[in-house]
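**Q** One structure, pasted below without further comment.
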Amino acid sequence: MLSQELFVQWSLQYHLFWLRIMKEHAIFIEATMPPPGKNLAQKADAYKQNYDQFLLTTIILANGIIPRDALESGQYYTQFTEGAEQDAENYTGISTRPDITVKEYDIAPVYGNLTITGSLEQDVIHLNQSVLTLTDSFIQFQSDLLNDRASCRLFTMMYTGDILHVLMEAKRYQMILSALQNRDENAIEDYRTFWTHNMSDHAKVMRGQFDPTEAAYFNRANQLAELFDTLAEEETGTNTFPTNQELLISTNEIRDFKANTTDAIMRCKVQSIMLALYTDHLLREANHFIYLMK
């Protein structure tokens, strides 16, 4: 059973990562929705605003709670995030709240032994439950979106596979939060298979969104997709099993590719239909996987 200290710390660490991921999923859904899907875009925007508010609450509660290595890992924001948010806002007209990112810069790490008050514990319990309720609703919204897209009742610029991908990530967040609320000490275990498959999905979606003239970027994304497909097969197989070191080396490779792509998009050095916020989003997920392995 999780101690009071780990329950609070793990909850807030995961919220800092996942709340931003969820809000950006809502942004990507909204940004890729053609005019006939206006109502769906508005619903996505409402989810984004709710996740923003929970992220602001988490930032306040996290001050003095989170380990320094987690804050410096690049899983919550990168050197690109604030600028990528501003670019996305300029390009799409969707509010991305870069001011929230700026607030994250000032989160103080934990010093010495962590001491948790009863009131903070109750605040975290309430936050977890509120986020779970919102995420349950967001999962249903994305499930309906996926079904409509897959059955050709709806057109959106998001791939069907990408909608499934963001849905599975929401379900992962839901599972972790439920486990934390139950004080399950295994709440953050069993991450390798999930994130190994995710790295493959990321490479494939990036591969499909580079301009056809960008052969070098397309080919590199394809190489990484094949690499992580192999690792995912080994991860779920019975005869071979990649070590953390093997996964770490490969995830550093795709992390560097995502960072390079984000920088290139922001400097208009590569043509694609991806926002830099999208590739920065994928970069933070790679950093999260690296942090978990370390």
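**Q** With contacts defined as alpha carbon pairs under 8 Å and 6 or more residues apart, what's the relative contact order of the stretch 1-103 in percent?
**A** Computed over the stretch 1-103, the figure is 30 percent.
**Q** Counting other Cβ atoms within 10 Å, keep those with at most 16, restrict to DSSP loop, and tell me which GluC sites (Glu not before Pro) in the stretch 178-221 are left.
**A** Listed in order of number, the matching sites are Glu185, Glu189.
**Q** Which length gain, in nm to one decimal place, applies between Ala215 and Ser151 when the Cα-Cα distance is subtracted from 0.36 nm times their residue separation?
**A** Full extension of this stretch gives 19.8 nm more.
**Q** Run the paramagnetic zone check for Thr133: 7 angstrom along Cα to Cβ, then residues of the stretch 9-47 with backbone nitrogen under 16 Å.
**A** 47
**Q** Kindly sort Phe218, Phe155, Phe210 by accessible area of their heavy atoms, largest first, with the probe set to 1.4 Å.
**A** Phe155, Phe218, Phe210
**Q** Once R0 is set to 22 Å, what does the formula 1/(1 + (r/R0)^6) return for the Cβ-Cβ distance between Asp99 and Arg267, expressed as a FRET efficiency to the nearest 0.05?
**A** Plugging the Cβ-Cβ distance into 1/(1 + (r/R0)^6) gives 0.40.
**Q** Choose one answer from Ile100, Ile249, Ile139: the residue with the largest mean-square fluctuation in a GNM of the chain with alpha-carbon springs under 10 Å.
**A** Highest fluctuation of the listed residues: Ile249.
**Q** Would you mind working out the magnitude of the charge dipole of the chain relative to its Cα centre, with +1 at each Lys and Arg C-beta and -1 at each Asp and Glu C-beta, to the nearest 20 Debye?
**A** In debye, rounded to 20, the chain gives about 480.
**Q** Can I ask one more? Given the Cα-Cα distance of Asp69 and Gln140 and 0.36 nm per residue of separation, how much length would full extension add, in nm?
**A** Extending this stretch completely gives an extra 22.1 nm.
**Q** Order the following by accessible area, largest value first: Ser119, Ser151. Probe radius 1.4 Å; ligands, DNA and RNA are ignored.
**A** Ser119, Ser151
**Q** I'd like the FRET efficiency for Thr117 and Asn182, computed as 1/(1 + (r/R0)^6) with the beta carbon distance as r and R0 of 30 Å, rounded to 0.05.
**A** 0.90
**Q** Using the Cα centre of the chain as origin and beta-carbon charges of +1 (Lys, Arg) and -1 (Asp, Glu), tell me which of Met199, Ser119, Phe218 is placed farthest towards the positive end of the dipole.
**A** Farthest towards the positive end: Phe218.
**Q** I'd like the distance between the alpha-carbon centres of the stretch 1-56 and the stretch 185-233, rounded to an integer number of Å.
**A** 22 Å
**Q** If I take every Cα pair under 8 Å that is 6 or more residues apart in the chain, average their sequence separation and divide by the length, what percent do I get for the relative contact order?
**A** 22 percent
**Q** Leaving out same-chain residues fewer than 8 places away, which lysines sit with a Cα under 30 Å from that of Lys171?
**A** Correct list for Lys171: Lys23, Lys38, Lys43, Lys48, Lys103, Lys204, Lys258, Lys294.
**Q** Keeping every protein chain in place, order Cys152, Cys268 by accessible area at 1.4 Å, biggest value first, i.e. largest first.
**A** Largest accessible area first, the residues go Cys152, Cys268.
**Q** Can you give the FRET efficiency to the nearest 0.05 for Thr230 and Met1, using r as the Cβ-Cβ distance and R₀ = 45 Å?
**A** Efficiency computed from Cβ-Cβ geometry: 0.75.
**Q** How much of the accessible area of the stretch 90-218, in percent, comes from carbon and sulfur atoms when a 1.4 Å probe is used?
**A** In the stretch 90-218, the share of accessible area belonging to carbon and sulfur is 52 percent.
The values are calculated or read from the model by the stated rules, or taken from the named source; none is laboratory data. Worth saying up front: this structure is predicted, and the values here are computed from it rather than measured. Heads up, the Cβs are rebuilt from the backbone with ideal geometry, glycines too, and the neighbour counts pull from every protein chain shown. Please note that ligands, DNA and RNA were not included when accessible areas were found on the heavy atoms of the full protein model with its side chains. Shrake-Rupley method; radii C 1.70, N 1.55, O 1.52, S 1.80 Å.
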